[in-house]
Amino acid sequence: MQMMAKTGNSSENPFKKGAQVEVSFEDEGFRGSWYTATVLRPPPKKASRKPRILLQFDTLTDADEEERAAEPLRENVDLILVRPIPPRESRRRFRVNDDVDAFHNDGWWEGVVIAVLDGGDRYSVFFRSSREQIDFPESQLRLHREWVHGKWVPPLEDDVKDDDARDPLQQPPSKKIRLPDKT
């Protein structure tokens, strides 16, 4: 599912100058990854068919590997490929089949947990885009979320009242149901 940046009016603009954001790329070899950047020039306030935003990347550089003093990469990017930095959550344990983002090769890559290792301190993650399996410490993983119409999906834990509200099978029935007699 492609992320969509919120373009409607909002009391707090997540894409204002100086804001930290994440950027995805559509290029082969980069699909499913997110890189942190700083907004240098926000998108125009006037509606446009394809709004763009000027960013400076935190971990990507505009230099050959041979150059020593590499400059941070600056690029004009389609706004639809940009989202706010996901809020930090308290430490979490992951389970097999959880969709996660793993910090790898200077960015966050979308993957799925396929094994819990070392009693839950490490996880084996499979990346669909590259067909690779890599082990990560818990500190390099986060729950995968989509930024859809200005909200995180799935919602942040603070946005959900309690765990039972998410699992209808764990809740007691609200009323008794009488099945019809078989006559």
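Annotations
- Of the listed requirements (1) touching an Asp or Glu at 6+ places or on another chain (Cβ under 8 Å); (2) of a type in the set (A, V, I, L, M, F, W, C); (3) modelled with pLDDT of 85 or more, PHE25 misses just one: (1).
- Condition met for SER174 (closer than 27 Å to LEU81 by Cβ, modelled with pLDDT under 95, in a loop (DSSP other than H, G, I, E, B) and outside the structural domain of SER33 (by the TED database)): no
- Filtering the stretch 91-104 to residues that are out of contact with any Leu (no Cβ under 9 Å at 6 or more places or on another chain) and touching a residue at least 40 places away in the same chain (Cβ under 8 Å) leaves ARG91, ARG93.
- Taking the criterion of being surrounded by fewer than 17 Cβ atoms within 10 Å (Cβ to Cβ) and either closer than 14 Å to GLN140 by Cα or β-branched (Val, Ile, Thr) (or both), the residues of the stretch 84-102 that qualify are ILE85, ARG88, GLU89, SER90, ARG91, ARG92, ARG93, VAL96, ASP99.
- Pick from the stretch 105-147, criterion over 18 Å from ARG95 (Cβ atoms) and touching a Lys or Arg at 6+ places or on another chain (Cβ under 9 Å), ranking: surrounded by the most Cβ atoms within 10 Å (Cβ to Cβ): TRP108
The values are calculated or read from the model by the stated rules, or taken from the named source; none is laboratory data. Predicted model, so just to flag it, every value in this text is computed and none were measured. For neighbour counting, all protein chains shown are included, and Cβ atoms are generated from backbone atoms with ideal geometry for every residue, glycine included.
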